[in-house]
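Each value in this text was obtained by applying a stated rule to the coordinates, not by laboratory testing. Keep in mind that this is a model prediction, so the values were computed, not measured. Here the Cβ positions follow ideal geometry from the backbone for every residue, glycine too, while neighbour counts run over all protein chains shown.
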Amino acid sequence: MTPLARQHQITEVLLLLGIVLCGLFVPSETDASASNIAERGVAEPGAPFAPAPAVDVTSADSTPLGASIVDASIADAILERIEWLAFDRLSTIEGVSVLSGDLLNELYSAVSHAPLWESREQVEALWTLAEIAHREGLNTADYPLDALGEALGLVGLPVGANQRASLDILATETFLRIGYQLRFGKVTPEQHFAAWNFQRSLAEGQERVDTILGVIRSPSLVEAVNQITNRGVLFDEFIGMLAELREVEARGGWPKVPEGPTLRPAMSDGRVLALRARLGIPASLSDSPLYDDGLKEQVRGFQERHGLDADGIAGGKTIAAMNVPVSERILQVRASLERARWIFDDYQNLSGGIVIVNIASAQVAFWNGREQIWSGRAQVGLPYRQTPVFRGDMTYLEFNPTWTVPPTILKKDVLPRLRLEGEAYLEEKNMDLLDLDGRPVPLEGLDWENLGRSGFP
């Protein structure tokens with residue numbers, strides 16, 4: 001068949017590693033478990049998120065931070081601390097290890113070491129950002145909120161320039177930690193994928209110091225951060241999934257379906273009641289042990305969402321997926337949120353459409369803005385021979401193409417079976433065996449022992 005090439009308005013191709021799409025809780029092909037990234041980068045905090053500390057001061061929301069202190073004294077104190085941080089990388093501010101030393105130096109140098117945080121309300125917005133980070137699956141224990149709260153508790157009390165300087169630097173350090181993770185994620189993808197080529201800039205066409213200072217000085221810190229970190233409908237869906245799963249966990253998780261023989265439509269089995277309960281079907285609607293058509297459709301929907309064969313039969317794989325603890329599903333979605341932070345900047349910057357390949361579930365979809373236009377199956381690699389992760393511009397689309405077997409697949413998959421099964425394998429796969437000039441190659445007389453050394457004819 002002659003390949004048909006056609007220009008198309010798709011402007012971008014993204015290959016996602018293990019991203020959860022439309023409720024698919026499928027671990028990445030490279031992960032031993034979905035907690036691989038979550039445990040390293042976004043481990044769930046063990047305690048509920050704590051709000052900003054309450055301080056009994058008059059007009060607390062607009063209380064200046066150290067307004068009675070001469071600004072020059074504060075600037076001198078900030079300069080002294082920044083210089084010491086540059087000299088001693090192990091030094092701390094209010095007992096907090098500083099991770100942003102070089103960037104802190106750039107920021108305060110740009111403003112002649114003047115304070116960046118001018119009111120209590122401005123600092124308290126950092127707790128709102130931390131709440132957003134928690135909602136997006138990040139770990140608020142990474143942020144020095146306790147130390148910042150203690151320093152902020154001094155507002156309204158007589159404080160010296162040194163304390164005021166420490167509070168300002170600590171607030172900036174906290175902001176940089178939260179802001180960086182919201183914008184880029186915590187794990188660096190380049191360390192895991194050699195071919196990584198997604199963009200990683202704070203704001204296109206703008207120096208990072210100018211962008212950060214602009215955000216800190218904006219009328220609303222939270223709104224300014226949201227503008228930089230907004231990633232569209234797919235990311236919002238992940239956040240919604242995480243919130244729902246956390247609610248399920250708070251209620252004690254899902255009921256388990258006992259193991260046993262495969263449950264099929266029209267069967268009557270006591271485990272059907274547990275199956276209904278796992279799928280959230282109230283007993284008031286049906287307390288029958290009969291596997292009816294309604295239950296079959298519910299099972300089919302579960303299978304579709306989890307990348308299983310959607311046959312409506314509750315076999316071993318389906319029941320095993322149902323019995324995965326909600327805590328593991330939470331880790332999977334949080335890991336997907338982390339991966340989404342790596343790549344969704346490309347998605348946001350598109351003026352046309354985007355093709356997303358979900359490697360883990362072998363699915364491909366075309367999105368135009370916030371609307372999914374099309375989806376289908378994709379051919380992807382195996383855990384030991386992985387699909388590369390990359391982005392690229394698509395300039396044309398070819399329908400019904402011919403397919404030449406890639407060398408690695410030829411050597412490791414096709415030739416061993418061809419040698420074993422002969423012509424039957426070619427007929428099964430609807431394949432032709434040709435040489436480099438396009439001439440048919442007879443199987444008889446092939447030197448199988450030396451094919452791997454001399455190359456295929």
Quiz prompt | FRET E, pair residue 128, residue 80, Förster distance 35 Å, beta-carbon r, rounded to 0.05 | solution = 0.70
Quiz item: Rounded to the nearest 0.05, what FRET efficiency is calculated for residue 404 and residue 297 with R0 set to 45 Å and r the Cβ-Cβ distance?
Solution: 0.60
Self-check item: Those aspartates and glutamates that a straight Cα-Cα span of less than 20 Å connects to residue 429, excepting residues fewer than 8 apart in one chain
Solution: 413, 421, 444
Quiz item: For residue 268 and residue 441 in the same chain, what is the full-extension length gain: residue separation times 0.36 nm, less their Cα-Cα distance, in nm?
Solution: 56.6 nm
Quiz item: Arranged from highest to lowest average of other beta-carbon atoms within 10 Å per residue, in what order do the peptides 89-96, 146-153 appear?
Solution: 146-153, 89-96
Self-check item: For the stretch 399-446 versus the stretch 167-217, the gap between their alpha-carbon centres in whole angstrom
Solution: 49
Self-check item: Span from the the stretch 252-269 Cα centroid across to the the stretch 92-113 one, whole angstrom
Solution: 58
Quiz prompt | Separation of the residue 395 and residue 112 label points, Cα + 7 Å toward Cβ, nm | solution = 5.2
Self-check item: Residue-span extension gain [residue 375 to residue 243] - 0.36 nm each, minus C-alpha spacing
Solution: 44.9 nm
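How would you classify the stretch 222-338 from its alpha-carbon gyration tensor, with a ≥ b ≥ c the square roots of the eigenvalues: rounded for a/c under 1.5, else prolate if a/b is greater than b/c, otherwise oblate?
It comes out prolate by the Cα gyration axes.
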Practice problem: Evaluate E = 1/(1 + (r/R0)^6) for residue 424 and residue 226, where r is the Cβ-Cβ distance and R0 equals 60 Å; express this FRET efficiency to the nearest 0.05. | Solution: 0.50
Quiz prompt | Fully extended contour minus Cα-Cα distance, from residue 288 to residue 431, at 0.36 nm per residue | solution = 46.4 nm
Quiz item: If you average the sequence gap of Cα pairs under 8 Å that are 6 or more apart and divide by the length of the stretch 213-332, what percent do you get for the contact order?
Solution: 27
Exercise. Just check the stretch 183-241 against the gyration tensor rule for me: Cα atoms, a ≥ b ≥ c as the square roots of the eigenvalues, rounded for a/c under 1.5, and otherwise prolate or oblate depending on whether a/b exceeds b/c.
Key: oblate
Exercise. Pull up all non-local amide H partners of residue 119: gap of 5 or more, or a different chain, and H-to-H distance under 5 Å with H placed in the peptide plane.
Key: 65
Exercise. Could you estimate the translational diffusion coefficient of the stretch 136-205 from the Stokes-Einstein equation, with Rh from the Kirkwood formula over C-alpha pairs, at 10 °C and 1.306 mPa s, in whole µm²/s?
Key: 108
Quiz item: Is the stretch 74-198 rounded, prolate or oblate when judged by the Cα gyration tensor, a ≥ b ≥ c being the square roots of its eigenvalues, rounded requiring a/c under 1.5 and prolate requiring a/b larger than b/c?
Solution: oblate
